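To start, the structure itself, in structure tokens.
The values are calculated or read from the model by the stated rules, or taken from the named source; none is laboratory data. Computed from a predicted model, the values in this text were never measured in an experiment. Virtual Cβ from ideal backbone geometry, glycine too; neighbours counted across all protein chains shown.
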Amino acid sequence: MNRYAKDFPILGQQVNGNPLVYLDSSATSQKPFQVIEAVETYYKQYNSNVHRGVHTLGSRATDAYEGAREKVRRLINAESTQEIVYTRGTTTALNIVASSYACPRLGEGDEILISPSEHHSNLIPWQQVAKKTGAALKYFTLEPDGTLDLEKAKQAINERTRLVAIAQVSNVLGTIFPVKELAKAVHDRGGVIVVDGAQSVPHMKVDVRELDCDFLAFSGHKMAGPTGIGVLYGKKELLEAMEPVEFGGEMIDHVDLYESTWKELPWKFEGGTPLIAGAVGLGAAVDYLEQVGMDTVAEHDRKLAAYAVKRMEEVEGLNIYGPREDRMGIVTFNIEGVHPHDVATVLDAEGIAVRAGHHCCQPLMRWMEVAATARASFYLYNDEADIDRLVQGLQKTKEYFGNVLR
Amino acid sequence: MSLDDLYRRVIMDHYQQPRNRGKMEDGAVTVDLNNPTCGDRISVQMRIKDDTIEEAKFLGEGCSISLASASMMTEAVKGLSVDQALHLVDLFSRMMQGEEVDTDEFPLEDIEALQGVANFPARIKCATLAWKALEKGAGESGERLDSP
């Protein structure tokens, strides 16, 4: 166990008679006790609704809720907390941009440009926008190793391109996409860029002003925080020009019988009682990650990725997808002749948790010409010993299927 | 709960040498199902005449459990009436939920080998996919027969 693993109480258990090796952090990360305790303290000591009521608990809850927003602002270096909208997660954040920014602004003759490697949550909303508005949905061409050729990508961006949507890190290939350069290219043509940060914000320093991205979406639960809370960052002038998506309590300024006005940013996008405990937990997760240091987290991730690729390449008959170098800690693979579900089941019997399936990327699976894959993904609590266990498990999988299939 | 309970030899035999894998010409009931959480896909075809399933075939992509189960299912339903087939679907589904069922009721002994899947909750959907296709196909053909 490395020094961070001790902070994550779930990791100390046995699964199927073996010490748990959790290699599914891209699906959801584990939570340190600092986060679990922050949520518990909120419910035990100051559970109360926010932005209303004069009582003391209400003020404490509001302070914690808004305090977490400031932590998130600092983490991604946004200019103002008005640019930080709490959402249910990345999916909701991207859907807000699709329905409230894109739908009213795009039409026939316009183009939306995305990558075939996108997660369904950064793909289907744009299909819907295209259907509703008549805009054309276009795709970047991926190189055989799952990277983008920047020059070709820039050529794909033209004066009709109103919106580019791309993940900063692919949840399957581990590829780091050149978001900053793409942002410049799309801005030069007068469009906007929407960045899916679900796999990047938890694992590396992401600075929205340095990237100059227009929107950034990410989830709390993949960055050591609770499920059910996420963030939409948007440049203030863009968010200001957008209509709310949900209407009701919390998000209003003045309500008449036939007309209403909205609160200012970011609250006009936060109708209804929000996930206060989730925001408190997210704030604690940001504190935790910043204490470790995002550069340390990223360096750890890259080191593990490099070590995993090196060790897994030693396993005969194992194919690794995505770039060999310059990748984040997500390694997707297949063992020849063994279906990924079967791989995952044998590994699970060894106490090793990996994901198997299409990883919410069916178009990417078709591009890769596979029906499904297995995926190991790492976070700060993993270490090289975990990868050694994985490699042992993979050898065992091969032996096992070699025997039962004989 | 050992892996050998899941991957019984007879299952691996059906996986490696699937029975009834293929496509029928026209005149067959076809059901395409997929498991959206994992990407498994199956297409089951049945030729039903006078309320009897004369032949069943399947095509698909999936893991050892889903393909072996499809192979066994298509073998087991041949010659059964639609009602008998639907009864088997129910029996199989109860076995997957871990209920004690009379496995002698299965017309194909091999199916009993899938009993171990019940101990691997994540894999139950793999085993039941082909049976869900059978249920849908047989159910639809039954409706057609009922309606004048």
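Take B:Glu55 and tell me if it is of a type outside the set (A, V, I, L, M) and either away from chain A (no Cβ under 13 Å) or in contact (Cβ under 8 Å) with a residue 40 or more places away in the chain (or both). Against the criterion (of a type outside the set (A, V, I, L, M) and either away from chain A (no Cβ under 13 Å) or in contact (Cβ under 8 Å) with a residue 40 or more places away in the chain (or both)), B:Glu55 qualifies. Could you tell me whether any residue of the range B:4-17 is more than 14 Å from chain A (Cβ to nearest Cβ) and either under 14 Å from the mean Cα position of the chain (by Cα) or crowded, with 16+ Cβ neighbours inside 10 Å (or both)? No - not one qualifying residue is present in the range B:4-17.
Got at least one residue in the range B:26-39 being closer than 24 Å to B:Pro121 by Cα, in a loop (DSSP other than H, G, I, E, B) and more than 14 Å from chain A (Cβ to nearest Cβ)? No.
Does the range A:255-272 contain at least one residue that is among the β-branched types (Val, Ile, Thr) and buried (at least 22 other Cβ atoms within 10 Å of the Cβ)? No. Looking across A:Thr345, A:Thr296, A:Thr332, one residue alone is within 14 Å of chain B (Cβ to nearest Cβ) and either farther than 22 Å from A:Gly357 by Cβ or in contact with a Lys or Arg (Cβ under 6 Å, 6 or more places away or on another chain) (or both). It is A:Thr332.
Table: residues versus (1) under 19 Å from B:Gln115 (Cα atoms); (2) crowded, with 21+ Cβ neighbours inside 10 Å.
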{"residue": "B:Asn20", "(1), (2)": "no, no"}
{"residue": "B:Asp32", "(1), (2)": "no, no"}
{"residue": "B:Pro36", "(1), (2)": "no, no"}
{"residue": "B:Lys57", "(1), (2)": "no, no"}
{"residue": "B:Cys63", "(1), (2)": "yes, yes"}
{"residue": "B:Leu86", "(1), (2)": "yes, no"}
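Restrict the check to the range A:212-227 and report whether at least one residue is within 21 Å of A:Ala136 (Cβ to Cβ), at pLDDT 95 or above and either of a type in the set (Ser, Thr, Tyr) or under 12 Å from the mean Cα position of the chain (by Cα) (or both). Within the range A:212-227, none of the residues are within 21 Å of A:Ala136 (Cβ to Cβ), at pLDDT 95 or above and either of a type in the set (Ser, Thr, Tyr) or under 12 Å from the mean Cα position of the chain (by Cα) (or both). Taking A:Lys71 and the conditions (1) over 17 Å from A:Pro226 (Cα atoms); (2) touching a Gly at 6+ places or on another chain (Cβ under 7 Å), which numbered condition does it fall short on, given that it satisfies the others? Against the list (1) over 17 Å from A:Pro226 (Cα atoms); (2) touching a Gly at 6+ places or on another chain (Cβ under 7 Å), A:Lys71 comes up short only on (1). Taking each residue of the range A:382-399 that is under 17 Å from A:Asp24 (Cβ atoms) and at pLDDT 95 or above and looking for partners that are part of a helix (DSSP H, G or I) and among the acidic types (Asp, Glu) with beta-carbon atoms closer than 7 Å, six or more apart or interchain, yields nothing.
Residues are listed down the side, and each one gets a yes or a no for (1) within 14 Å of another protein chain (Cβ to nearest Cβ); (2) touching a Cys at 6+ places or on another chain (Cβ under 9 Å); (3) buried (at least 17 other Cβ atoms within 10 Å of the Cβ); (4) modelled with pLDDT of 95 or more:
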{"residue": "A:Val309", "(1), (2), (3), (4)": "no, no, yes, yes"}
{"residue": "A:Gly322", "(1), (2), (3), (4)": "no, no, yes, no"}
{"residue": "A:Met328", "(1), (2), (3), (4)": "no, no, yes, no"}
{"residue": "A:Cys361", "(1), (2), (3), (4)": "yes, no, yes, no"}
{"residue": "A:Met365", "(1), (2), (3), (4)": "yes, no, yes, no"}
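In a residue-by-residue description of the range A:110-127, the property of being charged (D, E, K, R), more than 21 Å from the chain's Cα centre (by Cα) and over 28 Å from A:Glu264 (Cβ atoms) applies to at least one position.
Once the range A:200-223 is narrowed to residues that are of a type in the set (A, V, I, L, M, F, W, C) and out of contact with any Phe, Trp or Tyr (no Cβ under 6 Å at 6 or more places or on another chain), the residue that is nearest to A:Ala27 (Cα to Cα) is A:Met223.
Taken over the range A:217-254, the criterion of being surrounded by fewer than 24 Cβ atoms within 10 Å (Cβ to Cβ), under 30 Å from A:Tyr4 (Cβ atoms) and in contact with a Lys or Arg (Cβ under 8 Å, 6 or more places away or on another chain) is satisfied by A:Pro226, A:Gly228.
When the range B:98-111 is filtered for residues that are more than 16 Å from B:Leu134 (Cα to Cα) and either among the charged types (D, E, K, R) or in contact (Cβ under 8 Å) with a residue 24 or more places away in the chain (or both), the ones remaining, listed by number, are B:Glu99, B:Glu100, B:Asp102, B:Asp104, B:Glu105, B:Glu109, B:Asp110. Taking the criterion of being surrounded by fewer than 22 Cβ atoms within 10 Å (Cβ to Cβ) and assigned to a loop (DSSP other than H, G, I, E, B), the residues of the range A:165-193 that qualify are A:Pro178, A:Arg189, A:Gly190. Listed conditions (1) in contact (Cβ under 8 Å) with a residue 40 or more places away in the chain; (2) outside any loop (DSSP other than H, G, I, E, B); (3) not assigned by TED's automatic domain parsing to the domain that holds A:Ala93 are all met by A:Val309, apart from (1). Does B:Ser66 satisfy being under 15 Å from B:Cys126 (Cα atoms), away from every other protein chain (no Cβ under 14 Å) and either modelled with pLDDT under 95 or not in a strand (DSSP E or B) (or both)? Here the answer is no, as B:Ser66 does not meet what is asked. For the residues B:Ala113, B:Ala122, the requirement of being of a type in the set (Gly, Ala, Ser), out of contact with any Asp or Glu (no Cβ under 9 Å at 6 or more places or on another chain) and within 14 Å of another protein chain (Cβ to nearest Cβ) singles out B:Ala113. Of all residues assigned to the range A:334-342, none qualifies as being surrounded by fewer than 18 Cβ atoms within 10 Å (Cβ to Cβ) and modelled with pLDDT of 95 or more.
Evaluating A:Ile387 against the criteria (1) closer than 19 Å to A:Lys310 by Cβ; (2) within 12 Å of another protein chain (Cβ to nearest Cβ); (3) over 22 Å from the mean Cα position of the chain (by Cα) leaves one unmet condition, (2). Taken across the range A:392-403, residues that are buried (at least 17 other Cβ atoms within 10 Å of the Cβ) and farther than 21 Å from B:Asp4 by Cβ do not occur at all.
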